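Student: Have a look at this one.
No lab work stands behind these numbers, since they all come straight from the coordinates. These numbers were taken from a predicted model, which means no experiment stands behind them. Note: ideal-geometry Cβ built from the backbone for every residue, glycine included; neighbour counts use all protein chains shown.
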Amino acid sequence: MSSSGKVIILCSINSEKASESPTLETANSIADQLRTKFHVSNVSIRCVLGGGGDRLLSIVQAQESSCTLFGILSDESNNGGCEGIIDTLNAHSPHPYLKLNGCTKNAALEMAKFASLFQPASVRMSISSHLKTKRQAVYVQDSELKTMSEYTPLILEKYDTGTQITGEGVSLRNNEDIKPIRGKVRDRYDLNDTTMALVTTDRQSGFDRMLALVPYKGAVLNLTSAFWFEQTKDIIPNHLIDVPHPNVSIVKKCTPFPIEFVVRAYVTGSTSTSIWKNYQNGVRDYCGHALPEGLVKNQKLWKLLLTPTTKEEEHDRPISAASIVSEGWMTQADFDICADAAIAVFQKGQQIAESHGLVLVDTKYEMGKDNTTGEIMMIDEMHTPDSSRYWLASSYEDRIAQGLEPENIDKEFLRLWFRDHCDPYNDDTIPEAPRDLVVELSRRYISLFEMITWQDFQFASHDAEEGIANAISNACAAAKP
């Protein structure tokens with residue numbers, strides 16, 4: 001078929017005042033969607049009274065030598081007119097037709113699918129993109145419904161019984177010499193010279209202090225990392241040996257590089273090291289990348305940018321690849337391996353996230369060398385809700401076009417509550433976070449876990465801190481020579 005085919009929407013109306021017909025309004029909306037959403041060219045509308053008569057016949061005959069798809073639309077009260085048009089097309093037209101319903105979105109999609117047979121490939125690509133967006137929206141809706149209806153009671157039970165994972169109740173009775181090294185969220189247990197256990201707790205930190213204990217948060221972070229380590233182990237080895245408990249990872253001891261490898265796909269962020277904050281402040285040479293004028297917040301970058309930051313006591317700072325080597329943070333050879341791995345792992349993350357209805361916006365990676373072999377590997381966490389930014393893919397394009405912020409499964413509302421109710425940086429004591437906010441935060445963490453991994457979150461396997469202690473003790477016994 002010719003690539004210059006036509007699409008004609010035939011409107012059967014009762015009144016000679018076509019401008020007053022709701023059917024014409026619907027036809028205009030369908031035509032607009034065909035042009036803008038599906039990139040169908042050469043779309044027109046023809047109004048005919050009743051069944052069409054001589055005017056319809058002249059329209060049909062004028063298209064006899066062209067490749068044309070007709071759409072038929074009529075007033076609800078004028079079904080006879082619609083049938084008259086169909087009779088005329090059957091008798092006099094060699095071209096296919098569609099009888100359209102009044103649902104604008106479905107009618108435009110139906111016509112676009114047929115038109116794609118004789119329109120440019122861009123039409124088929126637009127249809128595929130539209131259907132993918134619809135699927136992504138369904139993923140989000142299903143996850144929200146499931147976690148709200150089924151999971152909230154289980155989260156409430158965990159909160160009300162005070163059985164969140166704090167790390168304080170992990171008692172290694174037969175290994176009293178092994179003491180935890182506590183971080184903001186994770187506790188580390190050195191099992192021997194080559195192995196350690198990482199316990200990810202339910203502690204929610206912010207403003208350099210603990211804000212709340214969020215049920216199941218630790219398991220979400222630990223299991224999400226385990227999922228991504230498995231998905232990317234063919235790109236770069238990682239430190240994970242085993243996950244004997246949802247909150248516990250047994251890992252190889254590594255010496256971390258003093259650099260965080262931040263990969264960004266979009267112009268966004270609010271911290272002092274973020275690309276958008278720096279761009280707002282006039283920075284145009286960012287981590288060695290020349291940023292052009294005219295960038296807009298939340299737009300997609302022209303390519304993935306590796307924007308490393310230093311790990312320093314006072315504050316982290318953005319740094320270029322050249323400066324990392326010249327200042328002695330890493331050798332060129334080590335940096336090249338880590339940089340290539342960071343980009344490749346992020347690309348794999350983007351692919352999986354997109355197929356699950358999410359946009360992987362940016363993330364940070366930590367890498368180090370195995371203390372035994374010297375092999376460079378991924379360590380710490382990977383693509384978790386805490387280390388990465390995710391947006392909802394289904395609404396990104398529309399919201400950006402409207403000048404709105406992208407949708408995300410937001411976790412920032414708890415921090416905002418503390419800012420509104422105290423001075424979290426300077427007050428000696430801060431108020432307790434409201435129960436409903438903490439429970440909602442837990443639900444959102446679990447919802448993100450299921451959307452990222454496409455795995456059901458297993459509540460039954462979470463047996464408080466005694467189970468964590470047993471998992472570490474067993475790992476300790478296995479690690480002994």
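Student: Just subtract the alpha-carbon distance of residue 135 and residue 160 from 0.36 nm times their residue separation and send over the number in nm, one decimal. List each step's numbers first, then the result.
Tutor: Details: separation 25, 0.36 × 25 = 9.00 nm, distance 3.64 nm.
Gain in length upon complete extension: 5.4 nm.
Student: Let me ask something else about it. Note the listed values [x] 103, 54, 45; [y] 78, 49, 45; [z] 97, 54, 47, then indicate which one is Cα extents along the principal axes in Å calculated from this particular structure.
Tutor: Given [x] 103, 54, 45; [y] 78, 49, 45; [z] 97, 54, 47, the structure-derived one carries the label [z].
Student: Loop only by DSSP, 13 or fewer other Cβ within 10 Å of the Cβ. Give me the chymotrypsin sites (Phe, Trp or Tyr not before Pro) in segment 332-401 that pass, ordered by residue number. Mind dumping the intermediate values first?
Tutor: Details: sites: 335, 346, 365, 390, 391, 396; in loops: none.
Within segment 332-401, no chymotrypsin sites (Phe, Trp or Tyr not before Pro) qualify (loop, at most 13 other Cβ atoms within 10 Å).
Student: How long are the semi-axes of the equivalent ellipsoid of segment 237-303, defined as square roots of 5 times the Cα gyration tensor eigenvalues? Whole Å, largest first. Mind showing how you got there, number by number?
Tutor: Numbers: eigenvalues 246, 38, 24 Å².
Over the Cα atoms of segment 237-303, the semi-axes work out to 35, 14, 11 Å.
Student: Quick one: net charge around residue 151, please, counting Lys, Arg +1 and Asp, Glu -1 for every other residue with C-beta under 14 Å from its C-beta. Let's see the in-between values first.
Tutor: On the way: positive: 146, 158, 217, 443, 444; negative: 142, 144, 150, 157, 440, 450, 456.
Overall, the nearby charge balance is -2.
Student: In angstroms, what radius of gyration and Dmax does segment 131-237 have, counting Cα atoms only?
Tutor: Radius of gyration, then largest Cα-Cα span, for segment 131-237: 17.9, 58 Å.
Student: Looking at segment 338-481, how many pairs of lysines come closer than 30 Å at the Cα, when each pair is eight or more places apart or spans two chains?
Tutor: Numbers: 348/364; 348/369; 348/411; 364/411; 369/480.
Here the count comes out as 5.
Student: Assuming 1.002 mPa s and 20 °C, estimate D for segment 371-481 with Stokes-Einstein, Rh taken as the Kirkwood radius over Cα pairs, in µm²/s.
Tutor: Calculated translational D: 116 µm²/s.
Student: For every other residue with a beta carbon closer than 15 angstrom to the beta carbon of residue 115, add +1 if it is Lys or Arg and -1 if Asp or Glu, then tell me the sum. If you can, show how the numbers build up before the last one.
Tutor: Working: positive: 6, 35, 37, 113, 124; negative: 32, 110.
Charge balance near residue 115 sits at +3.
Student: At 222 nm, what value in deg cm²/dmol follows for the chain if DSSP H runs of at least 4 each add -39500 (n - 2.57) and the sum is divided by all its residues, to the nearest 500? Before the final figure, lay out each step's value.
Tutor: On the way: 14 runs with 191 residues, N = 481.
Mean residue ellipticity at 222 nm (helix-derived): -12500 deg cm²/dmol.
Student: At R0 = 51 Å, how high is the FRET efficiency between residue 44 and residue 289 if r is their beta carbon distance? Nearest 0.05 is fine. Intermediate results must be reported in sequence, preceding the final value.
Tutor: On the way: r = 47 Å, r/R0 = 0.92.
Efficiency at R0 = 51 Å is approximately 0.60.
Student: For segment 289-379, what percent of Cα pairs sit more than 24 Å apart?
Tutor: Values: 1310 of 4095 pairs.
When every Cα pair of segment 289-379 is considered, 32 percent fall beyond 24 Å.
Student: Still on this structure, I have one more. How high is the FRET efficiency from residue 65 to residue 37, r the C-beta distance, R0 22 Å, rounded to 0.05? Each step should come with its number before you reach the end.
Tutor: Numbers: r = 29 Å, r/R0 = 1.33.
E between residue 65 and residue 37, to the nearest 0.05, is 0.15.
Student: Then there's this: Given 10 °C and 1.306 mPa s, how large is the Stokes-Einstein diffusion coefficient of segment 176-244 in µm²/s, with Rh as the Kirkwood radius over Cα pairs? Write down the numbers at each step before the final one.
Tutor: Numbers: Rh = 13.6 Å.
D, rounded to a whole number, is 117 µm²/s.
Student: Follow-up. Once the Cβ-Cβ distance between residue 355 and residue 175 is put in as r, and R0 is 56 Å, what FRET efficiency do you end up with, to the nearest 0.05? Present the calculation step by step, with values, prior to reporting the outcome.
Tutor: Numbers: r = 43 Å, r/R0 = 0.77.
It comes to 0.85.
Student: What whole-number volume per residue, in cubic angstrom, does the convex hull of the C-alpha atoms of segment 193-326 give?
Tutor: Details: hull volume 22.7 nm³, N = 134.
Cα convex hull per residue, to the nearest whole number: 169 Å³.
Student: Moving on to the next point. What are the GluC sites (Glu not before Pro) within segment 394-476 that DSSP puts in a loop, where the Cβ has at most 12 other Cβ atoms within 10 Å?
Tutor: Numbers: sites: 397, 407, 412, 432, 440, 450, 465, 466; in loops: 407, 412, 432.
Passing sites in segment 394-476 are 412, 432.
Student: Shifting gears a bit: Where does each of 294-307, 212-225, 261-274 land if you order them by average Cβ count within 10 Å, highest first?
Tutor: Values: 294-307: 14.8, 212-225: 25.8, 261-274: 19.4.
Listed from highest to lowest mean packing, they are 212-225, 261-274, 294-307.
Student: While we're looking at this one, here's another question. Around residue 379, which amide H atoms from residues at least 5 apart in sequence, or from another chain, sit under 5 Å from its own amide H, with H modelled in the peptide plane?
Tutor: Amide H to amide H, under 5 Å and 5 or more residues apart or across chains, residue 379 pairs with 366, 367, 368.
Student: Here's something else I'd like to know. Would you mind checking which residues have amide H under 5 Å from residue 299's amide H? H placed 1.01 Å from N; only 5 or more apart, or other chain.
Tutor: The answer is 267.
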